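Have a look at the structure below, then the notes.
The values are calculated or read from the model by the stated rules, or taken from the named source; none is laboratory data. Since we're looking at a predicted model, the values are computed, not measured. Here the Cβ is made from the backbone with ideal geometry for all residues, glycine too, and neighbour counts use every protein chain on show. Surface accessibility is based on the protein's heavy atoms, side chains included, excluding ligands, DNA and RNA. Shrake-Rupley method; radii C 1.70, N 1.55, O 1.52, S 1.80 Å.
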Amino acid sequence: KGAIAFKDVHFHYDPDRPILKGVSFEVPAGKTVAVVGPSGAGKSTISRLLYRFYDVQQGSITIDGQDVRDVTQKSLRAVIGMVPQDTVLFNDTIAYNIRYGRPGASEAEIEQAAEVAQISRFIKELPEGYGTKVGERGLKLSGGEKQRVAIARTVLKAPPILILDEATSALDTTTEHEIQSALDIVSKNRTTLVIAHRLSTVVNADEIIVLKGGEIAERGSHSALLEQN
Ligand code: ADP
Ligand code: ADP
């Protein structure tokens, strides 16, 4: 479940400046496809179109053959889990932020999700644990910590489709490894679209798409792409 298909997708924010000029690719159900390319190539735009923050101007995006424009925002968000690059958390407790993925979740399930997201040890050391408030009016978390809370939320929600907008080099190496291993666990057996900033982080992707100038310049496995370049 959750096969994604982009067919001849054209998109622009500003009519004078096309961002995507006929992009076609598929993510078979349960597989992982990574989109790489220079900054500004339109990688994050691809994830925003799938999540319908914007709609395509030409072409189509389908999930299991159904056009995303025919799906309500609510049901679309129920099948897609998004771990954005800059996670914005609610001004509430850590527990609230993780439970947002599945309101009925028990405390034990929240802890399990935090464990998978490699953030449980950090939370346990906080004076108020899972009851610690975060955000503007609470504890200030680093980018990596926020992202791991967002990963825990996604682990709990367990959606069939996952969009990962990878963390940037702003993260230190330890944090990056922790996040990477959490993401590897989360994306197993899910249809996953990774927006990658470096080829080195997507070694295990089933296919890598190189986006340049609004078009797919190259595509293939990690090893095939390394041989060509
Ligand atoms: P990437 O993820 O590959 O770095 P993006 O998809 O974020 O690229 O952006 C592609 C291009 O679209 C960039 O030139 C960016 O400045 C522009 N862009 C992104 N978001 C908007 C927006 N909301 N309005 C106008 N232009 C935008
Ligand atoms: P829901 O539809 O379940 O209320 P949201 O759409 O508010 O969920 O958010 C789902 C995920 O997408 C959250 O992790 C949130 O941080 C992220 N998100 C929401 N709006 C944006 C945005 N404009 N750009 C990037 N990520 C966003």
**Prompt:** Once amide H atoms are placed 1.01 Å from N in the peptide plane, what residues at a sequence separation of 5 or more from LYS212, or on another chain, have their amide H within under 5 Å of its amide H?
**Reply:** ALA217
**Item:** Cleavage-rule hits (trypsin sites (Lys or Arg not before Pro)) in the stretch 1-49: DSSP loop, at most 14 neighbouring Cβ within 10 angstrom
**Value:** LYS1
**Prompt:** Got a number for carbon plus sulfur as a percent of the chain's accessible area, 1.4 Å probe?
**Reply:** 49
**Message:** For the stretch 6-108, what does the accessible surface come to per residue with a 1.4 Å probe? Please give it in Å².
**Reply:** 50
**Message:** Run through the stretch 130-215 and list the trypsin sites (Lys or Arg not before Pro) located in a DSSP loop whose Cβ has at most 14 other Cβ atoms within 10 Å.
**Reply:** ARG137, LYS140, LYS188, ARG198
**Fill in**
Reduced to Cα centres, the span from the stretch 93-125 to the stretch 156-229 in Å works out to 24
**Highest-MSF residue in the chain out of GLY59, GLY30, GLY81 [GNM, Cα springs under 10 Å]** = GLY59
**Prompt:** Name the GluC sites (Glu not before Pro) in the stretch 123-152 that are in a loop by DSSP and that have at most 10 other C-beta atoms within 10 Å, would you?
**Reply:** GLU125, GLU136
**Prompt:** What is the calculated FRET efficiency for GLU218 to LYS124, with r their C-beta to C-beta distance and R₀ = 41 Å, to the nearest 0.05?
**Reply:** 0.35
**Prompt:** Local charge sum around ARG190 (other residues, Cβ-Cβ under 10 Å, Lys/Arg +1, Asp/Glu -1)?
**Reply:** +3
**Request:** Taking the Cα atoms of the stretch 1-113, report the difference between the largest and smallest coordinate on each principal axis, in whole Å and largest first.
**Result:** 48, 29, 25
**Message:** Given a Förster distance of 30 Å, report the FRET efficiency between GLU109 and LEU76 from their Cβ-Cβ distance, rounded to the nearest 0.05.
**Reply:** 0.80
**Request:** Let me see the pair-distance distribution of the chain: every alpha carbon pair, 5 Å bin width, integer percents in order.
**Result:** 1, 7, 14, 18, 19, 16, 12, 8, 4, 1, 0
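I'd like the antiparallel share, as a percent to the nearest 5, of DSSP beta bridges with both residues in the chain. Provide the component values of the computation, followed by the final result.
Values: 21 of 39 bridges.
The answer is about 55 percent antiparallel.
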**Request:** Name the residue farthest towards the positive end of the dipole of the stretch 153-207 from the options ALA182, VAL194, PRO159, assuming +1 on Cβ of Lys and Arg, -1 on Cβ of Asp and Glu, about the Cα centre.
**Result:** PRO159
